[in-house]
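Here is the structure we will look at, set down as structure tokens.
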Amino acid sequence: MKFSGAITLLLAISSTTSAFTLNNPHRPTSFVTSNRSTIQQPQQALSTTTRTSRTSHLSMSSDTATSSPPISVGVVGATGAVGVEIVNCLNKFSSLNVSQLRIFGSKRSAGTTRDTGKFGDVEVELFGVEAARECDVVFLAVSGDFSLEHAKAISEGDDGAVVIDNSSAFRYDKDIPLVVPEINGECSKGNKLIANPNCTTAIGLMALWPLHKLFKLKKVAMSTYQAASGAGQPGMDELKEGTRAVIAGERDVAENSIFAHPLPFNVIPQIDKFMENGYTKEEMKVTWEARKICGLPDDFPVSCTAVRIPTFRAHAETIVIETEEPVDIEAARKAFEEAPGIKLVDNTAELEYPMPLTATGQYDVEVGRLRKSLVFGDNGMEFFVVGDQLLRGAALNAVLVAETMVENGSLGAK
């Protein structure tokens with residue numbers, strides 16, 4: 001299989017600008033990602049009249065951060081993709097007044113030093129429940145099994161830490177809040193253990209919630225186009241190495257071990273295992289979590305088809321809705337312009353719409369391609385959403401949950 005030298009050069013450039021490669025474990029890890037100016041250039045060129053956003057009201061000014069109570073923060077799993085971004089958010093975005101940042105790891109990483117930006121060099125501590133309980137808030141960016149074993153032990157009792165868990169361990173527990181702060185942040189009040197939603201769900205609901213308030217959702221159908229980073233660093237490595245091997249002529253079809261089929265130059269209509277109803281677990285997560293977060297009935301119709309695509313980062317979603325009230329596209333546009341955490345990118349005359357290229361590394365979710373549905377007529381709408389799933393779908397959402405809990409008095413210094 002022959003490819004041009006220009007494509008080979010493009011792949012080489014992408015591998016050097018990518019922020020996803022984990023650092024050498026034998027050297028100090030920097031949690032502060034490099035400036036993504038190469039990625040952001042197309043975004044900066046877009047018309048300011050068609051690209052609008054409002055920073056989440058949950059992220060306070062630096063003055064407010066200074067006056068908020070100082071808290072000690074722990075991160076478990078800080079060298080993984082989500083953990084790195086949690087530390088980045090604490091550095092660059094968050095209003096939390098962090099008096100101390102503690103990083104917990106395994107025996108292999110304990111004793112090593114990590115560059116954590118404005119928090120300085122931090123020595124990794126061997127994880128222990130008692131040590132984690134000394135923190136005011138602990139972010140868990142680990143497996144569901146780890147969370148099931150330790151999360152409640154860290155948070156229980158008046159002297160326990162607030163725990164914000166990024167795994168799926170507690171998302172469907174009726175007694176544990178599943179929170180997207182802009183939608184149901186009030187559910188965090190008075191709780192010590194909070195579940196962070198699936199990345200696909202969080203990105204989609206940021207766009208669906210303003211429309212639900214306007215027109216009242218009746219049915220939701222979603223198709224997702226999910227980046228390789230949804231499978232973590234191994235997934236991105238498999239995509240990059242497989243693409244390189246095919247372009248170099250070493251193989252006609254890339255090898256695969258992380259994904260069900262080779263991902264380079266392919267799309268795979270399966271994420272997670274298949275269930276008895278024919279949907280995958282990833283698809284059902286969207287259904288289950290959308291109902292819980294938005295307070296919808298248990299039988300509210302939400303359907304999803306999840307597809308893995310050969311991009312590194314940022315998940316894209318096509319969403320079709322049927323509504324109880326007639327849809328007004330201009331009213332929807334205004335709602336998106338005013339909604340925190342949303343960036344409206346909707347000028348088809350200038351070929352401006354959401355894309356992974358422009359959404360990568362951005363805190364806001366891009367929304368565009370707004371139009372009435374040909375299927376549902378006046379009571380239907382279709383649109384396209386793209387969000388950085390490591391940020392809005394994971395790390396950023398977790399940090400915003402902590403900010404919300406500071407504001408409502410559920411999180412403070414012990």
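Each reported figure results from applying straightforward, stated rules to the coordinates on display, with no laboratory input. Note that the structure is a prediction, hence the values are computed from the model and not measured. FYI the Cβ positions are ideal-geometry reconstructions off the backbone, even for glycines, and counts take in every protein chain you see.
Miscellaneous remarks
- Normalised per residue, the volume of the convex hull around the Cα set of the range 305-357 (Å³): 130
- The charge dipole of the range 201-389, taken about its Cα centre with unit charges on the Cβ atoms of Lys, Arg (+1), Asp and Glu (-1) only, comes to about 160 debye.
- Cross-link partners for Lys192 among the aspartates and glutamates, with Cα-Cα distance under 12 Å and sequence neighbours closer than 8 places in the same chain left out: Asp136, Glu156, Asp158, Asp159, Asp165, Asp175.
- With a threshold of 19 Å on the Cα-Cα distance, the over-threshold entries among Lys189/Lys292; Lys218/Lys334; Lys174/Lys414; Lys189/Lys414; Lys92/Lys118; Lys285/Lys343 are Lys218/Lys334; Lys174/Lys414; Lys285/Lys343.
- Over the range 201-389, the alpha carbon radius of gyration divided by the compact-protein estimate 2.2 N^0.38 Å works out to 1.09.
- At 1.306 mPa s and 10 °C, Stokes diffusion of the range 243-332 via Kirkwood alpha-carbon radius, µm² per second: 98
- Here the simple spin-label model places points 7 Å from the Cα toward Cβ, and for Asn266 and Glu149 these points are separated by 3.4 nm.
- Diffusion coefficient, µm² s⁻¹, Stokes-Einstein with Kirkwood Rh over alpha-carbon pairs of the range 136-278 at 20 °C and 1.002 mPa s: 118
- Three-way shape label, the range 278-414, alpha-carbon gyration tensor, a/c 1.5: rounded
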